[in-house]
Ligand code: C2E
Ligand code: MG
Ligand code: MG
C-alpha cells in the first residue's frame, strides 16, 4: 500500500493522539498519587479546624449553661429547690451529661449533690482543688471510660462556697463531628494507657491515617484517627475520560485540517508545480504527487535540479554567467587581500551561428559539449570555466607567471581549433581569445569584462587570434555600457529597423540599388546616431550579431518586395570583413530567403580594406566569387591603394559626400570629383556620388559623366513600406533637372 500525504497525515495525527492519550493516563497516575498526598494534609488541616470550631462552640455552650445555673443558684426564690431544679434541668438537656453542685464540709470534703451520682471521684472533689477557681475553668477529663468536657466554677448560695460542675459528653461532640464530616468513627480502646483511652478511627497500623488531637487547649486526652478515602486512578479516569477523549478527537481533527491547509496541501501543490517546472506538464495521476516518500524525494530532486539549472549551462554543464560573475567577484576580493593576480580569458568561438543554421541546434549543442570538454581537459581544478554567452566562454585563472599564462592560453587555443566529429559530421572551429589581468588592467569586475572584450576585438583584427589587453586599445566608452545592453536586447527582440535610400542612374533615371541604412531608437525613444551605435557594437563584441540581423533583414526585405533587378546595398563593418566566415554567413541568409547574390551590393570603406588588406581581400574575393557586387563607400576619405582596387572585385566607387556637397561652387571639389570619375572609368568602375542635395549638384555631376547619384535631392531614406511607392513615381529626367 502506498503511503499518501493524506494517509500519512492521518497516521501522524493518530499517532500523536495516541501519544497524548498515553501521556494523559500517565498524568492521571501521578495526579492520583499527588492528590492523595495533598488531600491527606489538607484534610488534616480541615478536620483540625472543624474540631476546634466545634470545641469552641461546646465551650461557649457550657459557659452559657454555667452562667445560667449560677444566676439561678443566686436567686433566693430558687434556692430551696435548686437541687430539684438541677435535676430537672439535667433531664431536659440531653447534651448535659452531669450537673454537680459540690458543697464542702468544714474539712473541705465534698458533700456531693450531683445530678448524676458517681460523676467524679470523691478525692477529686476536694475543696482545695477548686480554691483557685476564681473564674470558671473549662477542662476535659475522663471518668468511667467517659470523655467529658467540663466547666467548673464557684457558685455562692447562702453564703456557702460551692462549686458548680457542668459536664457534657465529649462523644456527643464527636458524634456531632461525625455527622458533620460524613465520616464514620469507630471506637477503640487503648488499654495500655494508665487510664482507659478512647480512640476514634481506623486501624492504628495504617500509615495514611490522619491524626487529630481532641481535648481543650493544653489538655489533650485523645486522638482522632481518620482514614482518608484514597483517590483511585480509575475514579479519575472515569471522571475525565469523556472530556479528554472529546478534546483529543477535536484537537486531532483541527490539527489535521491545519496541517492539510498550511503544510501538506502546499507541499502537494509545490510537488505538482515543481513537476511541471521540470517536465513541462502536470504529473499523470495527481495521487502520485501525494505519495509521501517518493513525493518528498521528488520534491528534493526537483529542487536540486532547479538549483543546478539556475547555476549551470544546460548545454555544456559548465557554470553559467551568474556563477562565473560570483567567482570573479570572489577572486577579486581574494586578490585584494592576498595580492594574487587573476586572468579573465574570453574565448569567442567562430561560426557557431552558421553551424546552427546549417546543421540545427541539436548538433551544435553536441559540438559545444565537446568544446567544453576540450577546454576542461586543459584546465586545472582551481580554474573556473563558464559558458558566458552563446558562443563566448569565460575562464578565470590565477596568474603566477605571465609566461605560464601565455603557454596555458595558447595550449587552450590549440586544443580548441581541431576537427570535431559530431553525429558523423566534421566541424572545424576557429576562435579568438582576449585576456585581461586583475589588477594590472582593471581592479573591478566590470572593468575586467571591458578590457577582456577589448582584447577580444583586438584579437579579431590581428594576425594572431590571442590578444592581451593593451592600454592603447582601451577606447571602450563606458557611457555606452547601458546603450550596449539595450542594443543587445533590441537585436534579440527585433526592435531595430532598416530604411532604404535609392541610388539612381543619371542617364536612365532608373533605380540602381537601394542602400539599407540602420535605424534604432534607444529605450527613451530617441534616434541614436548610427555611426556611434556601429562603433559601440564593434567595441563591445556585438557587431556580428548586429550584422547578422542587418543581412537577414535585408534578405527578407528583398524576398518580400518586388524589386526586379534592383539590388539592396548593405554596409558592412570593418570587423565583418575580418571574419573569414562572412561569405558563409551571407550565403546562409541568401539561401534561407531565396535571394540571388546579384541582388545584394556590399558597401565597404577604403579604411576597412587598409586595416589588413590581405585578409580583407581574401574575404571580399570570396564574396565576388559568390556573385555579390562590391561598392567602395566614402571614397576619397581614406588612402585606398589603387593596387588593391585592381585586385578587388569592385564594381562601384561612391564618392564621399564631403566632396559632393559643395561641388557646384567649390572648384577644388570639382577637380577632385572629376579626377575620381575619370580614374574610376579607367578602372572600369561605375561612380556613385552620395550626398546630392540640390539640382545644381546633380547637373554638375551629369556634366562630369557621373554614373549614379544618391542623396536627399533624389530621395531621403525610405521606410520599407514606402519603397513600392517610390517605384511607382520613378525619377523622371525633368524631375532630375528641375528638382522634385
Ligand atoms: P554611408 O554608408 O555613407 O551612408 C550614407 C549616409 O549619408 C547615411 O547616413 C544617409 O542617411 C546619409 N545621406 C544620404 N543622402 C544624404 C544627403 O543628401 N545629405 C546628407 N547630409 N546625408 C545624406 P546614416 O544613415 O546616418 O549612416 C551613416 C553611416 O552609418 C553610413 O554611411 C554607414 O557608414 C553607417 N551605417 C548606416 N547603416 C549601416 C548598416 O546597416 N551597417 C553598417 N555597418 N553601417 C551602417
Ligand atoms: Mg554606405
Ligand atoms: Mg558613404
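Any read-out appearing in this document is the output of simple, stated calculations on the displayed coordinates, not a laboratory observation. Computed from a predicted model, the values in this text were never measured in an experiment. Cβ placement follows ideal geometry from the backbone for every residue including glycine, while neighbour counts extend to all protein chains displayed.
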What is the stretch 406-541 by shape, rounded, prolate or oblate, if you read a ≥ b ≥ c off the alpha carbon gyration tensor as root eigenvalues and call it rounded for a/c under 1.5, prolate for a/b larger than b/c, and oblate otherwise?
-> oblate
Separation in nanometres of the label points that stand 7 Å from Cα toward Cβ, at residue 643 and residue 419 | 3.7 nm
Once you put a point 7 Å from the Cα of residue 60 and another 7 Å from the Cα of residue 526, both along the Cβ direction, what distance in nm separates them?
-> 10.7 nm
Quick calc: nm separation of the 7 Å Cα→Cβ label points for residue 322 and residue 380 -> 3.0 nm
Between residue 406 and residue 34, 0.36 nm times their residue separation minus their Cα-Cα distance comes to what?
-> 125.3 nm
Between residue 68 and residue 91, what FRET efficiency comes out of the Förster formula 1/(1 + (r/R0)^6) with R0 = 25 Å and r the beta carbon distance, rounded to 0.05?
-> 0.95
Separation between Cα centres of the stretch 406-430 and the stretch 609-627, rounded to whole Å | 25 Å
Counting every Cα pair in the stretch 314-468, what percent are over 22 Å apart?
-> 38 percent
Extended-chain gain in nm, criterion 0.36 nm per residue less alpha-carbon gap, residue 430 and residue 304 | 41.8 nm
Pull out the extension gain between residue 250 and residue 562, defined as 0.36 nm times the separation in residues minus the alpha carbon to alpha carbon distance; nm, one decimal.
-> 104.2 nm
Sorted by mean Cβ packing within 10 Å, highest first, what order do the peptides 339-346, 670-677, 611-618, 524-531 take?
-> 339-346, 670-677, 611-618, 524-531
Taking 374-384, 504-514 and ranking on average Cβ neighbours within 10 Å, highest first, one gets 504-514, 374-384
Listed highest first by mean packing, meaning other Cβ atoms within 10 Å per residue, what order do 696-707, 305-316, 357-368, 598-609 come in?
-> 598-609, 696-707, 357-368, 305-316
